[in-house]
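See structure below.
Only the coordinates and a few stated rules stand behind these numbers; no lab work does. The shown structure was predicted, so the numbers you read here are calculated from the model rather than taken from an experiment. Cβ sites come from the backbone with ideal geometry, for glycine too, and all protein chains shown count toward neighbours.
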Amino acid sequence: MDKNVKRGSLEMIAAMLISGTIGWLVMLSGQAVIDVVFWRCVFAAATLLLVCVWMGFLRPGLLTRTTLLFSVVSGVAIVGNWLLLFASYSRASIAIGTAVYNVQPFILVGLAALFLGEKLTLQKLAWLSVSFLGMLAIVSAHGGEEQGGGHYLLGIGLALGAAFLYAIAALIIKKLSGVPPHLIALIQVSVGVLILAPLADFSSLPQGERVWSILITLGVLHTGGMYVLLYGAIQKLPTALTGALTFVYPIAAIAVDWIAFDHQLNSLQWLGVAAILLAAAGMQQGWGVRLGGWRRVSR
């Protein structure tokens, strides 16, 4: 394996493993979702500001008014995505919330077809159908004994909303080619600080070193550090390999949910999770089916 590809693969795996533990830290913090996201943005902004200064991304001319506006709007979508996804964890579990969140590639495909004129192929529609069947399997499970059906369905709805907002952000970022991704991330978390500051609870600040260490870790490692690893990997890896390695994230999140909180999925939920992940992998990797067996469809 080429050294550059090997290094990129290790960076991508590390980024996805870090992402897979976000839900655990969110639940462990014991803080309201708005406060968790606010402090995550604060510490991430400080980290990414240092990274952008070090890499020379704050020099004039890198942003126009249009690209700045797009970056700000994408920041609103990303912050909303975090709020909804984190809120889904306590209602549908980290594993289910993460699995449902992985329908976002299909939402992105739909938005791209509507707004960018990209074609909806039979292959994409087939994988969308598989993903939809997975969603039906998860919804029909109605949660475990510790979760009420209403809370469970609300959690799934929040995860779907998070996926929709992420797809919107991804669609906007497609228009920001040429803008350093670390700078985009800095703008996004800075927007999060501004819009959440009026909503954060400053009258009851987090108490204890343990809680503050969790919030700092979420900002510095799970946002700032993860972005650096992720964007570094994307620059080194072929698109197909990048897509394949993203599935380390949901697998890690499901494992963490099981180990840390003993949230075990039933058979129908496992079937739904597997269908969603298989469909997302099939679409990203360009898998297709014909009478003679599986084939890879060139994109």
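The figures follow:
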read-out	value
Which of Glu11, Glu118 has the fewest Cβ neighbours within 10 Å, and the rest in rising order	Glu118, Glu11
For the chain, calculated [θ]222 nm from helices alone, where every DSSP H run of n ≥ 4 adds -39500 (n - 2.57)	-24500 deg cm²/dmol
Point-charge dipole on Cβ atoms (K/R +1, D/E -1) for the chain, about Cα centre, debye to 20	1300 debye
Computed FRET value (nearest 0.05) for Lys6 with Phe115, which takes r as the C-beta separation and R₀ as 41 Å	0.65
Point-to-point label distance, Trp258-Ala46, nm (Cα→Cβ direction, 7 Å offset)	3.7 nm
Gain in span if fully extended, Ala32 to Leu69, counting 0.36 nm per residue against the direct Cα distance	10.4 nm
Gyration tensor (alpha-carbon) shape descriptor, the range 1-121, a/c threshold 1.5	rounded
Within a Gaussian network of the chain (alpha carbon springs, distance under 10 Å), most fluctuating of Arg91, Arg40, Arg65	Arg65
Calculated FRET efficiency for the pair Leu62/Asn266, C-beta based, R₀ 45 Å, to 0.05	0.35
For Ser9, net neighbour charge (Lys/Arg +1, Asp/Glu -1) across residues whose Cβ lies under 15 Å away	+2
Sorted by Cβ density within 10 Å, fewest first, the residues Lys3, Lys174	Lys3, Lys174
The range 37-148, relative contact order in percent, only Cα pairs under 8 angstrom and at least six apart counted	20 percent
Calculated FRET value between Leu194 and Gln235, using beta carbons and R₀ = 25 Å, to 0.05	0.30
For the range 6-49: rounded, prolate or oblate by the Cα gyration tensor [a/c cutoff 1.5]	oblate
Kyte-Doolittle mean at least 0.5, axial Cα span of 18 Å or more - DSSP H helices of the chain	33-55, 65-92, 122-141, 149-173, 181-196, 248-261, 267-285
Anisotropy class of the range 78-147 from Cα gyration tensor, a/c 1.5 cut	oblate
